[in-house]
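Before any comments, here is the structure.
The values are calculated or read from the model by the stated rules, or taken from the named source; none is laboratory data. Keep in mind that what you see is a predicted model, and the values were worked out from it rather than measured. Positions of Cβ are generated from backbone atoms using ideal geometry, with glycine treated the same way; all protein chains shown enter the neighbour counts. What goes into the accessible areas is simple: the full protein's heavy atoms, side chains included, and nothing from ligands, DNA or RNA. Shrake-Rupley method; radii C 1.70, N 1.55, O 1.52, S 1.80 Å.
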Amino acid sequence: QLQMAESGGGLVQAGDSLRLSCAAHGGTFNTYIFAWFLQAPGKEREFVAAISRQGGGTMYADSVKGRFTISRDNAKSTVWLHMNRLKPEDTAVYYCAAGPGVDLTQQRNLYGDWGKGTLVTVSS
């Protein structure tokens, strides 16, 4: 089972940038697609971005297109979420997720391994 640990969250101001990291171990990293999800207080966990196994394909939620970029380095077993022009509504716990599939998906239940999350707070 793949184990992941997120880092990089914190308190920032609106308009700032932040980079989240997800370090993985315990599996063959390049056989997984990875995604980031967020969960705001009192709301369901929702899709943010996903990246294919070799990094050539990406998918984004409409709310973050043009502001967030997902990337990965298979040699380092790490996935990143680069977040620019942050807004107060981006405030949430961000989770890294991994799935054994081939096709990118926003469906939460198709990702079987999850990190514990990192909190991002954006003040206005």
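Largest first, the extents of the alpha carbon coordinates of the chain on the three principal axes equal 40, 25, 25 Å.
Label sites at residue 123 and residue 76, each approximated as a point 7 angstrom past Cα along Cα to Cβ, lie 2.9 nm apart.
If R₀ is 22 angstrom, what is the calculated FRET efficiency for the pair residue 43 and residue 109, using the beta carbon separation as r and rounding to 0.05? The formula returns an efficiency of 0.80 here. Peptides 60-66, 48-54 ranked from most to least packed give 48-54, 60-66, packing being the mean of other C-beta atoms within 10 angstrom over each peptide's residues.
Spin-label model, residue 69/residue 85: points 7 Å from Cα along the beta carbon direction are separated by 1.4 nm. Computed extension gain for residue 102 through residue 11, at 0.36 nm per residue and net of the alpha carbon distance, reaches 29.3 nm. On the chain, 46 percent of the accessible area sits on carbon and sulfur atoms, based on a 1.4 Å probe. By the rule of a C-alpha distance below 22 Å, with chain neighbours fewer than 8 residues away ignored, the lysines paired with residue 76 are 116.
Over the chain, average the accessible area per residue using a 1.4 Å probe and give it in Å², no decimals. Let's see the in-between values first.
Details: 6290 Å² over 124 residues.
Each residue of the chain exposes 51 Å² on average to a 1.4 Å probe.
Counted by Cβ distance under 11 Å from residue 84, the other residues give a net charge of +2, where Lys and Arg count +1 and Asp and Glu count -1. If you run the Gaussian network model on the chain, springs between alpha carbon atoms under 10 Å, then out of 42, 101, 57 the most flexible one is 42.
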